[in-house]
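S.K.: First the structure, then my questions, so here it is.
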Amino acid sequence: MRICSIASGSSGNCIYVGDEDTHILIDAGISRKAIETGLKGLDIEGKDLDGIFITHEHSDHIKGLGVMARKYAIPMYATKETIWCIKKMGSLGKIEPELFSEIEPDQKMKLKTLSLCPFKISHDAVNPVAYRVESGDKSVAVATDLGIYTDYTVENLKGLDAILLEANHDIRMLQTGKYPYSLKQRILGKYGHLCNEMSGRLLDAVLSEKMKRIFLGHLSKENNYPELAYESVRMEVNLSESKFRADDFCISVAKRDMVSECFEF
């Protein structure tokens, strides 16, 4: 099984997950060219994709969806409400309706050799989800755009081999930055994004001996630095009362606009 961030940041998100037989993208929020370049590094072509799973309708998660759909006729999966919003967007161009399939949060589905379980997240979109993906006894999750997390979130992220987890912003940078007040409040609110410290606390809650790889993703360009996110998350783990420490795991920051290291296990 493999997970690779082709791009992860506030300006665009696209994550590859797959095994020898099944290849999917979680979100397509970058250009077709950037997606194809990222896939090429994994020895995969667009025509090899079995599906694109969409977390929600915001442009940094879907802007490349139309061109990918038209070129490769890739099946696309999202909640009913998300699909409705996407179909209303003229900016994506024409997408054949039959390419869309509805998913339901907490309803596991099978796509060839992969099992996928979408679960609800707290974000200002119509019906957003994160995804847990399993192949045999191996599992990964992509969880970004989380305003808050709950016990429900933790339960869906337990027992993973790898995770890409949001560490969007540093609170002080956001509060003193140039964003308008309304946008700052949106990001800080329960339907916004996880700050570095909250990301570290959520990570600490889901760590186990099984965890092999941690990517921090969806960093804000204006309100975070990779080094700051990395150190802040590590500090939260190290200061917790759990038996784990940050050095027990391989933690890195997914790159904003280029392919990150592929983790294969």
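S.K.: Within segment 178-187, does at least one residue satisfy the condition of being over 20 Å from N13 (Cβ atoms) and among the aliphatic types (A, V, I, L, M)?
M.R.: So the first thing to find is which residues in segment 178-187 are over 20 Å from N13 (Cβ atoms), and the list is 178, 180-182, 184-185.
Adding the requirement that they be among the aliphatic types (A, V, I, L, M) leaves none.
Within segment 178-187, not a single residue is over 20 Å from N13 (Cβ atoms) and among the aliphatic types (A, V, I, L, M).
S.K.: Of the residues that make up segment 85-108, is at least one over 16 Å from the mean Cα position of the chain (by Cα), open to solvent by 50 Å² or more (accessible area, probe 1.4 Å) and in contact (Cβ under 8 Å) with a residue 40 or more places away in the chain? I'd like the intermediate steps shown before the answer.
M.R.: First pass over segment 85-108, keeping only residues over 16 Å from the mean Cα position of the chain (by Cα): 85-104, 106-108.
Cutting the leftovers down to open to solvent by 50 Å² or more (accessible area, probe 1.4 Å) gives us 87-91, 94, 96-98, 102, 104, 106-108.
From what is left, the residues that are in contact (Cβ under 8 Å) with a residue 40 or more places away in the chain are none.
Checking segment 85-108: not a single residue is over 16 Å from the mean Cα position of the chain (by Cα), open to solvent by 50 Å² or more (accessible area, probe 1.4 Å) and in contact (Cβ under 8 Å) with a residue 40 or more places away in the chain.
S.K.: Sticking with this structure for a sec: Can you tell me which residue is nearest to L92 (Cα to Cα) among those in segment 56-73 that are assigned to a loop (DSSP other than H, G, I, E, B) and open to solvent by less than 10 Å² (accessible area, probe 1.4 Å)? It would help to see each step written out before you state the result.
M.R.: Pass one, segment 56-73, residues assigned to a loop (DSSP other than H, G, I, E, B): 56-58, 63-64, 73.
So of that shortlist, the ones also open to solvent by less than 10 Å² (accessible area, probe 1.4 Å) come out as 56, 64.
On the way: H56: 14, G64: 8 Å.
Looking at the filtered set, the residue picked out is G64.
S.K.: Something else now. For segment 106-219, please list each of the helices (runs of 4 or more DSSP H) lying entirely inside it that holds at least 1 residues being closer than 24 Å to I24 by Cβ and of a type outside the set (K, R). Don't jump to the end; show me each part of the working.
M.R.: Values: elements: 151-156, 171-176, 181-188, 196-206.
Output list reads 151-156, 196-206.
S.K.: Right, something else. Against the conditions (1) open to solvent by 50 Å² or more (accessible area, probe 1.4 Å); (2) of a type in the set (D, E); (3) in a loop (DSSP other than H, G, I, E, B), where does E81 fall short? Just the number, please.
M.R.: Here E81 meets the rest and fails (3).
S.K.: State which residue is nearest to G90 (Cα to Cα) when the search covers only segment 1-27 and only residues that are open to solvent by 10 Å² or more (accessible area, probe 1.4 Å) and in a loop (DSSP other than H, G, I, E, B). It would help to see each step written out before you state the result.
M.R.: Initially, segment 1-27 is screened for residues open to solvent by 10 Å² or more (accessible area, probe 1.4 Å), giving 1-2, 10-11, 19-21, 23.
Retained after the next criterion (residues that are in a loop (DSSP other than H, G, I, E, B)): 1, 10-11, 19-21.
Numbers: M1: 36, S10: 22, S11: 19, D19: 34, E20: 36, D21: 34 Å.
Out of the qualifying residues, it is S11.
S.K.: For segment 33-43, give me each residue that is open to solvent by 10 Å² or more (accessible area, probe 1.4 Å) and either outside any helix (DSSP H, G or I) or of a type in the set (A, V, I, L, M) (or both).
M.R.: Taking segment 33-43 as the starting set, the residues that turn out to be open to solvent by 10 Å² or more (accessible area, probe 1.4 Å) are 33-34, 36-37, 40-43.
Scanning segment 33-43 gives A34, G41, L42, D43.
S.K.: Consider T144 against the criteria (1) surrounded by fewer than 21 Cβ atoms within 10 Å (Cβ to Cβ); (2) touching a residue at least 40 places away in the same chain (Cβ under 8 Å): it satisfies all of them except one. Which criterion is unmet?
M.R.: It fails just one condition, (1).
S.K.: Kindly provide the set of residues from segment 147-179 that are among the charged types (D, E, K, R), without any contact (Cβ under 8 Å) to a residue 60 or more places away in the chain and open to solvent by 10 Å² or more (accessible area, probe 1.4 Å), ordered by number. Please lay out each step first, then the result.
M.R.: Filtering segment 147-179 down to residues among the charged types (D, E, K, R) leaves 151, 155, 158, 161, 166, 170, 172, 178.
Those left that are additionally without any contact (Cβ under 8 Å) to a residue 60 or more places away in the chain: 151, 155, 158, 166, 172, 178.
Correct list: D151, E155, K158, R172, K178.
S.K.: Moving to a separate point now. Please identify the pairs in which a residue from segment 212-225 that is within 21 Å of H123 (Cβ to Cβ) has its Cβ atom under 7 Å from the Cβ atom of a residue that is part of a strand (DSSP E or B) and polar (S, T, N, Q), counting only partners at least 6 apart or on another chain.
M.R.: Close Cβ pairs (under 7 Å, with a partner that is part of a strand (DSSP E or B) and polar (S, T, N, Q)) amount to F215/S5; F215/S252; G217/S5; G217/S8; H218/S8; H218/N13.
So that you can scan it fast, the table gives a plain yes or no per residue for (1) under 18 Å from Y149 (Cα atoms); (2) under 18 Å from the mean Cα position of the chain (by Cα); (3) modelled with pLDDT of 95 or more:
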{"site": "M173", "(1), (2), (3)": "no, no, yes"}
{"site": "P180", "(1), (2), (3)": "no, no, yes"}
{"site": "G217", "(1), (2), (3)": "yes, yes, yes"}
{"site": "L239", "(1), (2), (3)": "no, no, yes"}
{"site": "R245", "(1), (2), (3)": "no, no, yes"}
{"site": "D248", "(1), (2), (3)": "no, no, yes"}
{"site": "A254", "(1), (2), (3)": "no, yes, yes"}
{"site": "E264", "(1), (2), (3)": "no, yes, yes"}
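S.K.: Residue under question is E98, and the condition is that it be farther than 20 Å from G46 by Cα and part of a helix (DSSP H, G or I); does it hold?
M.R.: So E98 does not fit the description; no.
S.K.: Right, next: Assuming I30 fulfils every condition listed in (1) modelled with pLDDT of 95 or more; (2) assigned to a loop (DSSP other than H, G, I, E, B); (3) farther than 30 Å from C195 by Cβ; (4) not small (G, A, S) apart from one, which condition is it?
M.R.: (3)
The values are calculated or read from the model by the stated rules, or taken from the named source; none is laboratory data. Bear in mind that the values here come from a model prediction, so they are computed numbers and not experimental data. Here the Cβ is made from the backbone with ideal geometry for all residues, glycine too, and neighbour counts use every protein chain on show. Please note that ligands, DNA and RNA were not included when accessible areas were found on the heavy atoms of the full protein model with its side chains. Shrake-Rupley method; radii C 1.70, N 1.55, O 1.52, S 1.80 Å.
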